[in-house]
1. For D119, state whether it is surrounded by 14 or more Cβ atoms within 10 Å (Cβ to Cβ) and among the acidic types (D, E).
2. Please state which of the following conditions T158 fails to meet, knowing it meets all the rest: (1) among the hydroxyl-bearing types (S, T, Y); (2) under 21 Å from S33 (Cβ atoms); (3) out of contact with any helix residue (DSSP H, G or I) (no Cβ under 8 Å at 6 or more places or on another chain).
3. Does region 76-96 contain at least one residue that is small (G, A, S) and closer than 18 Å to A130 by Cα?
4. In region 82-101, what residues are within 18 Å of S127 (Cα to Cα), exposed (fewer than 14 other Cβ atoms within 10 Å of the Cβ) and not aliphatic (A, V, I, L, M)?
5. For a quick check of your reading of the model, give me the residue pairs whose first member lies in region 108-119 and is at pLDDT 90 or above, whose second is surrounded by fewer than 11 Cβ atoms within 10 Å (Cβ to Cβ) and among the hydroxyl-bearing types (S, T, Y), with beta-carbon atoms closer than 6 Å and at least 6 apart or on different chains.
6. Here is a list of conditions, (1) without any contact (Cβ under 8 Å) to a residue 60 or more places away in the chain; (2) surrounded by 17 or more Cβ atoms within 10 Å (Cβ to Cβ), and D75 meets all of them except one; can you say which number that is?
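The values are calculated or read from the model by the stated rules, or taken from the named source; none is laboratory data. The model shown is predicted, which means the values in this text are computed figures rather than measured ones. All Cβ positions, even for glycine, are placed from backbone atoms using ideal geometry, and neighbour counts span all protein chains on display.
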Amino acid sequence: MRRIALLLSMMLPLSACGLQPLYSGGGNSVAASTLSQVSVGPIEGRAGWLVRNAIVDRIGDHGGSARYRLDILLDDQIEGFGIRSDRTTTRERRQLRARYQLIDTSANKTLLDATAGSDVGIDVVNSEYATIAAEQTALERLADIIADQIVTRVAVQTRKGGSTP
């Protein structure tokens, strides 16, 4: 009985912390409502294709009927940093950075201008095929991370600003 009382007394401060679920209200929440009005413009390159598809998987494809447009520019780099004495690379770092803008198409106004990014390490092995496959897998993983960051930031901005980001 004492344990239950102790547990309940520890939970009381949590109720006053002011945290609210981002998607409270489910599909009718402010965040979900705004995200359903966002179209994602084309993004150059394979990384762009992966990021765009990952975002569309999360928010849907709303095409020309959307009130907001998300414009994204990517910077994808791979650099070697593990060097053996025979000057061969043993480790690479793949970085994917995105600069994105959320634009209100009806007012032609930029509502959000931000960046997202992540990086991942890749082992370089003797098999060129295995190294290329690892680089592609890393790019796919980075595209998912960037998409999550962008969608979350747009949703949080929506929550802060009321009905519009």
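1. Values: surrounded by 14 or more Cβ atoms within 10 Å (Cβ to Cβ): yes; among the acidic types (D, E): yes.
Criteria met by D119.
2. Exception for T158: condition (3).
3. Of all residues in region 76-96, those small (G, A, S) come to 80, 82, 85.
Filter once more, so that each one left must be closer than 18 Å to A130 by Cα: 80, 82.
Yes: one or more hits.
4. From region 82-101, those within 18 Å of S127 (Cα to Cα) are 82-84, 86-93; that's our starting set.
Right, trim to exposed (fewer than 14 other Cβ atoms within 10 Å of the Cβ) and you get 83-84, 86-88, 90-91.
R84, D86, R87, T88, T90, R91, listed by residue number.
5. Taking only residues 6 or more apart or on different chains, not a single pair turns up.
6. (2)
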